[in-house]
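Engineer: My questions all concern the structure below.
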Amino acid sequence: MNILPKKTPLYLQIIEKLKHEILAETIQGFLPSEAELQKTFNVSRSVVRQALSKLEAEGLIGKAQGKGSFILPTTRIHRMVQSLNGLGMQIEKMGTLVNTKVVSFEPVAYEQAKQFWHEETALHLIRVRSDITQPIAYIETYLPTKYHRWLTPAKLENHSLHQILQQEANIRLERSTRSIYAIAAPTHIAEQLNIPVGNPLLLLKGLTFNHHNEVVEAFSTYHRGDRIMFDLETTI
């Protein structure tokens, strides 16, 4: 990076320089640190932060806590909505690394537990899926409390829920009902996905059934609209 001529406001000069290098793919992955950018452009940290905030608002970069600013991918992940496989399994099949953070794992009162499982409570899971650079989906799941014996937060961080249920609990997943909604990100989900409140989300909501036609899970998966695309396949 070369030091810029002093023609326009410094933060705009930095924005244009970084934007050019990002779009030309001259820099990939993580940007230089704020300290490195200060030194390169001979400006104060406040000017660097002003430029980075603008680039983030334009959707060109994101911020990872403790790691700095990174280049946002320009391509979206394709999810086949009809597939019974969850998001994590589909991403892994594409050859992309996926990371799972378990935010909540506890029994809670659940209004539909009585209808589904003849119980008053359900096992409540909240997980956040990320690709190599950033969070991409917030997953909320309700399950029968009896599944607790096969599930732990550590297992769910390293294996898909469906894999555990099928391989360890010997549950045969048969079908799923699904509905798709376009919504604005509420505060608690926006915080987990590192996006502004109100950003567009694709919500996939439904039930998964076993081969006895019993409800195995009720799920709501909130996908970042700038990172995930839904694919549908039909036949005549």
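The values are calculated or read from the model by the stated rules, or taken from the named source; none is laboratory data. This one's a predicted model, so the numbers in the text were calculated from it and none came from an experiment. Here the Cβ positions follow ideal geometry from the backbone for every residue, glycine too, while neighbour counts run over all protein chains shown.
Engineer: Provide a single number: the residues in the range 71-126 that are touching a strand residue (DSSP E or B) at 6+ places or on another chain (Cβ under 6 Å), modelled with pLDDT of 95 or more and in a loop (DSSP other than H, G, I, E, B).
Structural biologist: Matching residues across the range 71-126 total 1.
Engineer: If you don't mind, there's one more thing I want to ask. When the residues of the range 21-78 are narrowed to those that are farther than 18 Å from residue 227 by Cβ and of a type in the set (Val, Ile, Thr), which ends up nearest to the chain's Cα centre (by Cα)?
Structural biologist: Within the range 21-78, the match that is nearest to the chain's Cα centre (by Cα) is 27.
Engineer: Quick check on my filter: what residues within the range 33-70 are in a loop (DSSP other than H, G, I, E, B), touching a strand residue (DSSP E or B) at 6+ places or on another chain (Cβ under 8 Å) and either surrounded by fewer than 17 Cβ atoms within 10 Å (Cβ to Cβ) or of a type in the set (Ser, Thr, Tyr) (or both)?
Structural biologist: 33, 67
Engineer: Let me ask another. For the range 172-206, give me each residue that is part of a loop (DSSP other than H, G, I, E, B) and polar (S, T, N, Q).
Structural biologist: 194, 199
Engineer: Can I ask one more? Starting from the range 27-48, take each residue that is within 15 Å of residue 68 (Cα to Cα) and hydroxyl-bearing (Ser, Thr, Tyr) and list its partners that are in a helix (DSSP H, G or I) and at pLDDT below 95, counting only C-beta distances under 7 angstrom and pairs at least six apart or across chains.
Structural biologist: Here the result reads none, with nothing in the range 27-48 linked to a residue that is in a helix (DSSP H, G or I) and at pLDDT below 95.
Engineer: Identify, by number, the condition in (1) more than 24 Å from residue 191 (Cα to Cα); (2) modelled with pLDDT of 90 or more that residue 51 doesn't meet.
Structural biologist: The one condition residue 51 does not meet is (1).
Engineer: Do the conditions hold for residue 209, that is, is it farther than 30 Å from residue 65 by Cα, assigned to a strand (DSSP E or B), at pLDDT 95 or above and out of contact with any helix residue (DSSP H, G or I) (no Cβ under 7 Å at 6 or more places or on another chain)?
Structural biologist: Spelling it out, residue 209 is indeed farther than 30 Å from residue 65 by Cα, assigned to a strand (DSSP E or B), at pLDDT 95 or above and out of contact with any helix residue (DSSP H, G or I) (no Cβ under 7 Å at 6 or more places or on another chain).
Engineer: Is there a residue in the range 174-191 that is out of contact with any Gly (no Cβ under 9 Å at 6 or more places or on another chain) and either in the same structural domain as residue 29 (by the TED database) or among the hydroxyl-bearing types (Ser, Thr, Tyr) (or both)?
Structural biologist: The answer is yes, given that some residue of the range 174-191 is out of contact with any Gly (no Cβ under 9 Å at 6 or more places or on another chain) and either in the same structural domain as residue 29 (by the TED database) or among the hydroxyl-bearing types (Ser, Thr, Tyr) (or both).
Engineer: Anything in the range 191-236 that is at negative phi and either exposed (fewer than 12 other Cβ atoms within 10 Å of the Cβ) or out of contact with any strand residue (DSSP E or B) (no Cβ under 9 Å at 6 or more places or on another chain) (or both)? List them, or say none.
Structural biologist: 191, 196, 211, 212, 214, 231, 232, 233, 234, 235, 236
Engineer: Only one of these conditions is not met by residue 66: (1) modelled with pLDDT under 85; (2) in contact with a helix residue (DSSP H, G or I) (Cβ under 9 Å, 6 or more places away or on another chain); (3) at positive phi. Which number is it?
Structural biologist: (2)
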